[in-house]
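The values are calculated or read from the model by the stated rules, or taken from the named source; none is laboratory data. Since the structure is predicted, the reported quantities are computational estimates derived from the model, not experimental observations. Positions of Cβ are generated from backbone atoms using ideal geometry, with glycine treated the same way; all protein chains shown enter the neighbour counts. All accessible areas refer to the heavy atoms of the entire protein, side chains included, with ligands and DNA or RNA removed. Shrake-Rupley method; radii C 1.70, N 1.55, O 1.52, S 1.80 Å.
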Amino acid sequence: MKFNNLKGSAILCTAALVWGLAFTAQSQAADLVPSFMINALRSFIAAAALYVLFLVFGRKKNETFFPREKADLKKFLIGGLLCGLLLSFSANFQMFGIAAYPNGVASEARAGFLTSLYVILVPIVSIFIGKKANLLVWLSVLVALLGVYMLCFSGSFEEIYLGDILMLVCALGFTFHIIFIDKYVGFVGGIKLSVMQFLVTAVVSLVLSFIFEWKALDIDNILSAALPIVYLGIMSSGVGYTLQIIGQKYAEPAVASISMSLESVFAALGGWVILGNKLSPKEIFGCLLVFAAIILAQLPEFSKTQKTQN
């Protein structure tokens, strides 16, 4: 493996750590603030932080935020809107899923691993847009399904939580979000597209909060949850996304995907170290299976990378 891959992997593992710990922050914030409002606040903070980042780097290139040509501007706005709506859908289902877990359940670990199933779902959904999946991808799907069963559904039906179902819907939403990001990021640019999608997510979540959560909003609770919400906005969305951009400049795509999939591991560790949530041996085995499936799904691309380097 090239030195650049090692350097990029180290940066991306740091991003995965930031994202993994975000599940703990989400769990803490969800105890005090309704889900729509959390996503509205964190998304406004993220959009502002990333816009400042664009101003810093954009000035060096004399780049404007909005394209000057009408056709380019239209594509930019459509890409930002579609990605923003998908991100809003996914992020809000994720928040509702975390909030729906009962006390005593290791919600951070379950949410982290179930969300990571998008790594498996992306190549499957891609089949329907003309991209064939490798045999190892299908094997990874079976391993992931077994892992999800051990993590969430093994035993009596009393062990099935509403949060598990919502997290699976969230993973499906992130699947389509990733596909649309791949479609527009090359044209729009990573930071600008991210600013737009976070802004759309903030507006959508704020409107939904005022419609459905108005009676549950409490300024004192919001202030009490300020630290985890600021972490979610600046660190998880702002810093984490920036580290991803920098890391992917050095690491090969397959190596990058494997490094970023560690987010699920850090989610479980964060819940254990920070909140003291423990996993049963059965749940740990389920987590290991899901993580193994995530790695297995990347092996075809990783093999191509190694052949190219040789």
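In the full protein context, the stretch 41-106 carries 57 Å² of accessible surface per residue, based on a 1.4 Å probe and ignoring ligands, DNA and RNA. Taking loop as defined by DSSP and a crowding limit of 16 other beta carbons within 10 Å, which GluC sites (Glu not before Pro) in the stretch 50-116 fit? Loop-located and lightly packed - E63, E69.
Karplus-derived 3J(HN,Hα) values for the stretch 11-25, using 6.51 cos²θ - 1.76 cosθ + 1.60 with θ = phi - 60°, are 5, 5, 5, 5, 4, 4, 4, 4, 5, x, 5, 5, 5, 5, 4 Hz; glycine and proline are entered as x. Over 25 Å between C-alpha atoms is what I'm after, so list which of K7/K282; K70/K192; K74/K192 land there. From the list (K7/K282; K70/K192; K74/K192), the Cα-Cα distance tops 25 Å for K7/K282. Couplings 3J(HN,Hα) of the stretch 118-126, computed from phi: 4, 5, 7, 6, 4, x, 5, 5, 4 Hz, in residue order, whole Hz [Karplus 6.51 cos²θ - 1.76 cosθ + 1.60, θ = phi - 60°; x for Gly and Pro].
Counting charges near G97 (Lys, Arg +1; Asp, Glu -1) among other residues having Cβ under 13 Å from its Cβ returns a value of -1.
Counting only protein heavy atoms and using a 1.4 Å probe, what share of the accessible area of the stretch 67-121 belongs to carbon plus sulfur, as a whole percent? Before the final figure, lay out each step's value.
Working: 1450 of 2260 Å².
Ligands and nucleic acids excluded, carbon and sulfur give 64 percent.
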